[in-house]
Amino acid sequence: MRLEFDILTLFPNMFQGPLQESILKRAMEAGIVAVRVHNIRDYAPGKHRQTDDTPYGGGGGMVMKPEPIWNAAEAVLGEDIARRGQDVAVVLMSPQGRLFSHAVARELARYRRIVLICGRYEGVDERIRELLATDEISIGDYVLSGGELPAMVVVEAVTRLLPGVLGDPGATFEDSHAEGLLEYPQYTRPAEFRGLKVPEELLSGNHAEVVRWRREQSLRRTLERRPDLLKKANLTAADREFLRRLGWGEGEDADGQD
Ligand SMILES: C[S@@+](CC[C@H](N)C(=O)[O-])C[C@H]1O[C@@H](n2cnc3c(N)ncnc32)[C@H](O)[C@@H]1O
């Protein structure tokens with residue numbers, strides 16, 4: 001097994017659909033990835049298996065108790081709990097975490113095991129962050145009701161990067177963000193749809209021409225939509241020249257070196 005995910009959640013049923021479809025399903029069947037979902041409630045002590053409680057200091061809402069989450073991680077990881085931060089990551093899903101990105105997905109794809117902790121309510125007792133988590137990830141600057149959807153986002157983005165998951169091994173290299181640029185526009189048959197024709201360069205059969213067109217479209221699109229990405233992108237001298245002709249650098253960052 002290449003990479004094992006363990007998801008700790010109060011709502012395990014939320015994962016049923018996404019894990020049983022398409023690329024994730026095939027990656028699991030191929031033994032490239034394992035995704036196990038654990039109900040935190042099963043690890044809560046006491047007759048009532050209480051998983052949340054009122055916040056110290058008052059205020060509304062409930063906070064997830066630390067013991068059930070700690071117990072779940074200990075039971076699920078076994079001896080691997082000592083390997084946290086080495087080849088095992090324990091990630092707390094949180095709107096306060098570092099922003100998830102292609103680069104972070106790549107980082108995570110290097111681990112052997114990843115535990116994803118899904119919060120609910122007002123969040124998770126701070127001591128889980130301090131004692132158990134090795135990472136804290138947010139999927140964007142907005143607040144969801146729980147960490148389940150963010151955990152699915154992480155599982156899917158990381159799994160796509162594992163060797164053997166996608167039919168075309170080169171596919172992820174050209175995806176948007178993989179090389180710091182947005183991907184070029186994609187077309188398929190028919191060659192004309194409602195008066196709009198597929199660009200001639202793509203129909204030319206000239207491979208070099210197709211490569212040039214795609215690169216330029218990728219640069220143009222990134223400049224138009226996400227000029228911030230160009231600062232960190234891997235650009236050749238020809239790329240820079242092309243961008244300058246489009247007006248890039250007529251302000252700050254003219255050389256794109258910073
Ligand atoms: C309603 S939120 C709690 C927000 C918390 N009170 C705060 O202000 O930071 C409940 C849970 O949803 C998850 N969550 C919400 N938004 C998220 C985001 N943008 N990225 C990752 N996880 C998120 C986290 O696991 C969080 O503990």
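The values are calculated or read from the model by the stated rules, or taken from the named source; none is laboratory data. All of these numbers come straight from a predicted model, not from anything done at the bench. Positions of Cβ are generated from backbone atoms using ideal geometry, with glycine treated the same way; all protein chains shown enter the neighbour counts. The accessibility values were calculated without ligands, DNA or RNA, using every heavy atom of the protein model including side chains. Shrake-Rupley method; radii C 1.70, N 1.55, O 1.52, S 1.80 Å.
For region 178-213, run through the trypsin sites (Lys or Arg not before Pro) and keep only the ones in DSSP coil with at most 14 other Cβ atoms within 10 Å of their Cβ.
Details: sites: 194, 197, 212; in loops: 194.
Of the trypsin sites (Lys or Arg not before Pro), the ones in loops of region 178-213 whose Cβ has at most 14 other Cβ atoms within 10 Å are 194.
So what are the ³J(HN,Hα) numbers for region 111-122, from phi and the Karplus equation (6.51, -1.76, 1.60; θ = phi - 60°), rounded to whole Hz, Gly and Pro as x?
Karplus-based 3J(HN,Hα) across region 111-122 equals 7, 8, 9, 9, 9, 10, 9, 9, x, 8, 6, 7 Hz.
Counting only helical runs of four or more DSSP H residues, what would the 222 nm mean residue ellipticity of the chain come to if each run contributes -39,500 (n - 2.57) and the total is spread over all its residues? Present the calculation step by step, with values, prior to reporting the outcome.
Numbers: 11 runs with 90 residues, N = 258.
When only DSSP H runs of four or more count, the value is -9500 deg cm²/dmol.
Stick to Cα atoms and the Kirkwood definition of Rh, then tell me Rg/Rh for region 3-160. All intermediate terms of the calculation are to be shown ahead of the outcome.
Details: Rg = 15.1 Å, Rh = 15.8 Å.
Using Cα coordinates only, the ratio equals 0.95.
Using a 1.4 Å probe, what is the accessible area per residue for region 3-160, in Å²? Don't skip to the end; give the middle numbers.
On the way: 7890 Å² over 158 residues.
Dividing the accessible area of region 3-160 by its residue count gives 50 Å².
Relative contact order for region 3-160: what is it in percent, counting Cα pairs under 8 Å that are at least 6 residues apart? It would help to have the intermediate numbers written out before the result.
Values: 279 pairs, mean separation 45.8, N = 158.
Value for region 3-160: 29 percent.
Which of the chymotrypsin sites (Phe, Trp or Tyr not before Pro) across region 67-158 are loop residues per DSSP, with 13 or fewer other Cβ within 10 Å? Could the numbers behind the result be given before it?
On the way: sites: 70, 100, 111, 121, 142; in loops: 100, 111, 121, 142.
Here the sparse-neighbourhood loop sites are 142.
Straight-line reach from residue 232: which aspartates and glutamates have Cα under 15 Å away, leaving out those fewer than 8 places along the same chain?
Residue 232 reaches 179, 252, 253, 255, 258.
Whose amide H sits under 5 Å from the amide H of residue 177, counting only residues 5 or more places off or on another chain, with H placed in the peptide plane?
182, 183
Whose amide H sits under 5 Å from the amide H of residue 32, counting only residues 5 or more places off or on another chain, with H placed in the peptide plane?
Those qualifying (amide H under 5 Å, at least 5 residues apart or on another chain) number zero.
Mark the label point 7 Å from the Cα of residue 168 along Cα→Cβ and return the residues of region 13-42 whose backbone N is within less than 13 Å of it.
No residue qualifies, since no backbone N sits under 13 Å from the label point.
Label-point separation (nm) for residue 241 and residue 141, each offset 7 Å from Cα along Cα-to-Cβ?
3.8
Ignoring ligands, DNA and RNA, what percent of the 1.4 Å accessible area of the chain is carbon and sulfur? Intermediate results must be reported in sequence, preceding the final value.
Numbers: 7310 of 14880 Å².
The nonpolar share, carbon plus sulfur, comes to 49 percent.
If you count the DSSP beta bridges with both ends in the chain, what percent of them are antiparallel, to the nearest 5?
Details: 5 of 29 bridges.
Close to 15 percent.
Report the gain in length on full extension from residue 221 to residue 126: 0.36 nm times residue separation, minus Cα-Cα distance, nm rounded to one decimal.
Details: separation 95, 0.36 × 95 = 34.20 nm, distance 4.19 nm.
Here the answer is 30.0 nm.
Which aspartates and glutamates have a Cα less than 17 Å from the Cα of residue 47, not counting those fewer than 8 places away in the same chain?
Here the aspartates and glutamates satisfying the reach criterion relative to residue 47 are 67.
Could you pull out every one of the aspartates and glutamates with an alpha carbon less than 13 Å from that of residue 25, ignoring same-chain neighbours closer than 8 positions?
Once the sequence-local aspartates and glutamates are set aside, what remains near residue 25 is 156.
How much length is gained if the chain between residue 175 and residue 22 is pulled fully straight, taking 0.36 nm per residue apart and subtracting their Cα-Cα distance, in nm to one decimal? Present the calculation step by step, with values, prior to reporting the outcome.
Details: separation 153, 0.36 × 153 = 55.08 nm, distance 1.82 nm.
Length gained, residue 175 through residue 22: 53.3 nm.
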